[in-house]
Amino acid sequence: MLQALVRYSVVLTFVLSAISSAAAEVVSYVDTWTGVVTNPRGVEVDTSGNVYVADYGAKLIRKFSSTGTAGLTMSTTNGPIDLAISPADGSIFAVDVSWPGLVEKLTSNGSSLTSWAKASPSLAVATDSSGNVYVGTDNNVITKYGSTGTKLDDWTGLDTTTTTAYLCGLALDPTETIAYWINCDPTSSSYCYLMATDLSTDTTTVLSALLDSKGSRGQVAVDTSTGNIYVAERSAKVVEVFDNTGSRIDYWNTWDTETGEVSYADTGTFGSIFGIAVDSKTDRVYVVDQASKVFVFNVVPEPSTSIMLVAGLIGLVVLERRRAKQIVTSD
């Protein structure tokens with residue numbers, strides 16, 4: 001009886017391990033929206049699946065349905081470089097790279113609510129579930145504000161190895177305790193990293209070096225259902241995907257329009273990409289290209305081989321359980 005129970009326990013452990021490993025994401029191409037924006041930078045998705053694009057050249061925020069149907073256009077004071085949408089009330093926050101620049105708050109319909117000045121030009125903004133705003137500035141500082149602009153906290157000295165690197169791209173992990181960002185040095189040909197700052201302990205670590213070797217701007221997004229991190233890299237013209245430990249899961253810069261399969265090639269399809277957003281509810285990934293395009297991808301489950309493996313292992317569990325029960329009964 002003991003031997004049967006041990007066998008049952010071992011098989012069950014294998015099943016649980018396989019189920020855990022089946023949580024990886026696979027991305028496929030869906031669509032391209034062409035000519036819908038003038039000079040796009042940031043992109044974000046609201047809780048209803050609507051897509052908002054920061055149109056830097058036109059000084060606008062453009063709203064689209066999840067299928068690309070154009071909706072509202074919202075004016076901003078300066079050209080927005082990034083935007084974030086508060087899950088608390090749908091408010092839109094936009095930042096720009098002017099000096100010292102503004103954080104602008106708008107309603108979901110584009111009405112201006114308030115704005116406040118920053119201490120330095122910023123390249124990234126994020127929000128949490130309480131409506132607080134996190135702004136990343138080019139002097140490697142993350143500042144936390146309340147929803148009306150009251151400064152609540154800041155994290156400084158995030159990079160002490162070089163004085164010419166800057167922060168770009170900013171996203172919070174699903175627990176809202178870790179900030180992911182890109183640290184790039186435009187004067188270096190090999191200084192571009194994905195970083196993680198623990199907001200509770202004020203510690204920063206390098207998660208991974210990026211393929212972008214020219215230190216250019218990019219953006220970061222997090223899939224809140226898996227915790228995976230998506231990075232759009234402008235100079236490398238590639239999207240990379242990492243898990244929360246910094247292990248690279250995937251990267252791609254081209255795709256088959258018939259099968260949707262994404263891949264990497266020496267000469268890719270992306271132009272100068274900048275912003276990226278993940279909608280965990282609809283399993284969509286949006287990437288904006290400065291050539292007036294929005295690329296749409298789909299996040300699909302692990303390949304069916306993993307599901308078949310799990311099904312087979314579950315069968316073994318059932319079999320081992322029956323054997324163990326028979327032994328107990330015979331005893």
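The values are calculated or read from the model by the stated rules, or taken from the named source; none is laboratory data. For clarity, every value in this text was computed on a predicted model and none was experimentally measured. All Cβ positions, even for glycine, are placed from backbone atoms using ideal geometry, and neighbour counts span all protein chains on display. Quick note on the areas: whole protein, heavy atoms, side chains included, nothing else; ligands and nucleic acids left out. Shrake-Rupley method; radii C 1.70, N 1.55, O 1.52, S 1.80 Å.
In table form, for the structure just shown:
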{"item": "Value in Å of the Kirkwood radius, where the range 35-118 supplies the Cα pairs that are averaged", "result": "12.5 Å"}
{"item": "Accessible area (Å², per residue) of the range 99-174, counting only protein heavy atoms and a probe of 1.4 Å", "result": "40 Å²"}
{"item": "Accessible area (Å², 1.4 Å probe, nearest 10) - Lys63", "result": "40 Å²"}
{"item": "Anisotropy class of the range 220-302 from Cα gyration tensor, a/c 1.5 cut", "result": "rounded"}
{"item": "Simple spin-label estimate for Asp256 and Asp31 in nanometres, 7 Å along Cα-Cβ", "result": "2.3 nm"}
{"item": "Long pairs among Lys59/Lys118; Lys105/Lys151; Lys63/Lys293; Lys63/Lys151; Lys118/Lys293, criterion Cα-Cα beyond 26 Å", "result": "Lys63/Lys151; Lys118/Lys293"}
{"item": "Fraction of the pair-distance distribution of the range 77-158 above 20 Å, Cα-Cα pairs, percent", "result": "21 percent"}
{"item": "Gain in span if fully extended, Asn78 to Leu152, counting 0.36 nm per residue against the direct Cα distance", "result": "24.2 nm"}
{"item": "Solvent-accessible area, 1.4 Å probe, carbon plus sulfur percent, for the range 19-121", "result": "49 percent"}
{"item": "Linear extension gain, Ala209 paired with Thr175, 0.36 nm per residue minus alpha-carbon span", "result": "9.9 nm"}
{"item": "Separation of the Asn109 and Ser200 label points, Cα + 7 Å toward Cβ, nm", "result": "4.0 nm"}
